[in-house]
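Right, one structure below, let's go through it.
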Amino acid sequence: MVWDVTTYAGELDDDPGKIIHRLPGAWVTFGGIVKTERYSTSRQKRKVTGRFVVVVGDYNTRDEQSARHGGVNQDEVGTNLLVESVRRLITGQDLGLKIDYFEPGRVRTLFNTAVEERALSVFSCEFDTAWIERALENGKWPERSADPEAPDAAFNAYDGELSDPDPDLLRVGIRYHQPGTSQDDDQEDLVEVRKEENGND
């Protein structure tokens, strides 16, 4: 239905007439982070809500209504059908990313005007999604790691200030005390949580 789908780079900010030859078209952009809130009682987890925007546009040589509703020919798509199709394709999807499903938001008119004797119609379609961000512990630097997929890989790659990772929890000591008895008689257990990496207990 469109010539191409590209990243928005301000094509509509200056002269909308320059994009007439690329219509019908669609552009995608990140609208920003609209909300950040604590995810749980943990001070390290935040739920972040981000907004993405798909801009769709079309023109018609007859009138503004045809630019929105489409025309008699198949290549006269119209922005109403483009908006409907974008919402159908994106709503409820995560695009294979570690994010929540996209929820549809506002659809707004950006342009509904005549350019070079052509009726131009452009709409923006908003979609919100959410993901979890983990903050550093208070007073800690990013964690030293050789793993390129680690959350702090960028700080390692650019020689930033780093903290050594916390040691693994290997075992837990338990002491059983019965009220009214001497603590010298308490039973003790040492529970192995995991083995050290060298295989020794």
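The values are calculated or read from the model by the stated rules, or taken from the named source; none is laboratory data. Note that the structure is predicted; figures quoted are calculated from it, not measured. Reconstructed Cβ throughout: ideal geometry from the backbone, glycine too, with neighbour counts over all protein chains shown. Heavy atoms of the whole protein, side chains included, go into the accessibility calculation; ligands, DNA and RNA do not. Shrake-Rupley method; radii C 1.70, N 1.55, O 1.52, S 1.80 Å.
Residues that are loosely packed, with under 12 Cβ neighbours inside 10 Å and among the charged types (D, E, K, R): does region 120-133 have at least one?
Restricting attention to region 120-133, the residues satisfying the condition of being loosely packed, with under 12 Cβ neighbours inside 10 Å are none.
Within region 120-133 (the criterion being loosely packed, with under 12 Cβ neighbours inside 10 Å and among the charged types (D, E, K, R)), the answer is no, since none of the residues qualifies.
Going by the structure shown, is residue 17 modelled with pLDDT of 90 or more and either over 19 Å from residue 82 (Cα atoms) or part of a loop (DSSP other than H, G, I, E, B) (or both)? Break it down into steps so the answer makes sense when it comes.
Numbers: modelled with pLDDT of 90 or more: no; either over 19 Å from residue 82 (Cα atoms) or part of a loop (DSSP other than H, G, I, E, B) (or both): yes.
In short, no.
Tally the residues that are aromatic (Phe, Trp, Tyr) and part of a loop (DSSP other than H, G, I, E, B), restricting the search to region 93-113. Steps first, answer last, please.
Step one: of region 93-113, the residues aromatic (Phe, Trp, Tyr) are 101-102, 111.
From what is left, the residues that are part of a loop (DSSP other than H, G, I, E, B) are 101-102.
Qualifying residue count, region 93-113: 2.
Consider residue 122 carefully, then state whether it is in contact with a Phe, Trp or Tyr (Cβ under 9 Å, 6 or more places away or on another chain) and in contact (Cβ under 8 Å) with a residue 60 or more places away in the chain.
On the way: in contact with a Phe, Trp or Tyr (Cβ under 9 Å, 6 or more places away or on another chain): yes; in contact (Cβ under 8 Å) with a residue 60 or more places away in the chain: yes.
Considered against the rule, which asks whether it is in contact with a Phe, Trp or Tyr (Cβ under 9 Å, 6 or more places away or on another chain) and in contact (Cβ under 8 Å) with a residue 60 or more places away in the chain, residue 122 comes out as yes.
So which residues in region 77-92 are open to solvent by 30 Å² or more (accessible area, probe 1.4 Å) and assigned to a loop (DSSP other than H, G, I, E, B), if there are any at all? Quick ask: steps written out before the conclusion?
Let us first name the residues in region 77-92 that are open to solvent by 30 Å² or more (accessible area, probe 1.4 Å), namely 80-81, 84, 87-92.
If the condition is that a residue be open to solvent by 30 Å² or more (accessible area, probe 1.4 Å) and assigned to a loop (DSSP other than H, G, I, E, B), then 91, 92 are the ones that fit.
Filtering region 30-52 down to residues that are of a type in the set (Lys, Arg) and part of a strand (DSSP E or B), which residue is most open to solvent (accessible area, probe 1.4 Å)?
First, the residues of region 30-52 that are of a type in the set (Lys, Arg): 35, 38, 43, 45-47, 51.
Next, from what is left, pick out any that are part of a strand (DSSP E or B): 35, 38, 45-47, 51.
Values: 35: 102, 38: 142, 45: 56, 46: 68, 47: 72, 51: 64 Å².
Here the residue is 38.
Between residues in region 80-102 that are among the small types (Gly, Ala, Ser) and residues that are at pLDDT 95 or above and open to solvent by less than 100 Å² (accessible area, probe 1.4 Å), which pairs lie under 7 Å by C-beta distance while being six or more apart or on different chains?
92/102
Sort out which residues of region 101-119 are modelled with pLDDT of 90 or more and crowded, with 16+ Cβ neighbours inside 10 Å, and write them in order of number.
The first filter runs over region 101-119 and keeps only residues modelled with pLDDT of 90 or more, leaving 101-108.
Within region 101-119, 102, 105, 107 qualify.
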